[in-house]
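Participant: Quick one: this structure, given as C-alpha cells, is what I'll be asking you about.
Read-outs throughout are calculated quantities, based only on the coordinates presented, and are distinct from any laboratory measurement. This one's a predicted model, so the numbers in the text were calculated from it and none came from an experiment. A quick note on method: Cβ atoms are made from the backbone with ideal geometry, for glycine too, and the neighbour counts reach across all protein chains shown.
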Ligand code: MG
C-alpha cells in the first residue's frame, strides 16, 4: 500500500498536484486562500470551504505520497465541521517537513465566475505565504472565468507544488548531499 511506504526516497525534487471544487451558497462567508472576501455568496462544504487551501493541501500531500485531504480529514467526522482549512494545510506542511522536504514554489489557478480575484490577489498571496512560511514570490496565483464550462455556481482550484530536499534532512543510511564549496 503506497501509504505505508516511507515518503523519503532520496530524491532531490518532488512535484505535487491538487485540485478542488466547492459550490457557491448564499449567506456564508467566502474564504479563499485563508482570506475572507466581501461577497454575498460563500463556498459550501463541511469545513470553511476554502477551495484554494484544500487544493494546496492535496498538492503537498501528493508530493510526499501521503493520504489525501479527504482521507486525513473525513467530511463524515464532525470535528471538521466548519474547520479553518489552515489546520489541514498545517498538517500537510508538517508531513512535507517530516519527509525531509521544503517548498520551492507553488503555482495555482482559480476558476470562478465571481468575484474578481485581482483586487484580492496580494492579500491571498500574503496569507498563503504566511501559512506556508515561503516568500510571496514563490506563490503563483492566477484566476480565470469559466467561459463555456457551465460551472458558474462553483469555484475550482488547481495547484502544483515543487518540493526540494532539505540539505540537513538526509535519511539515515543514505549518503549526505555533498557540501557546497564555500
Ligand atoms: Mg474541498
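Participant: Any idea how far apart residue 147 and residue 133 come out in nm if each label point goes 7 Å out from Cα toward Cβ?
Facilitator: 4.2 nm
Participant: Would you mind giving the three semi-axes, in whole Å and largest first, of the ellipsoid equivalent to the chain according to its Cα gyration tensor?
Facilitator: On the way: eigenvalues 199, 67, 35 Å².
The three semi-axes for the chain are 32, 18, 13 Å.
Participant: I've got another one for you. Just to confirm the number: angle between the C-alpha axis of helix 121-132 and the first principal axis of the chain, 0 to 90 degrees, nearest 10?
Facilitator: Roughly 40 degrees between the two axes.
Participant: What is the helix-to-structure angle for 86-98, meaning the angle in degrees between its Cα long axis and the longest Cα principal axis of the chain, kept from 0 to 90 and rounded to the nearest 10?
Facilitator: The angle comes out at about 10 degrees.
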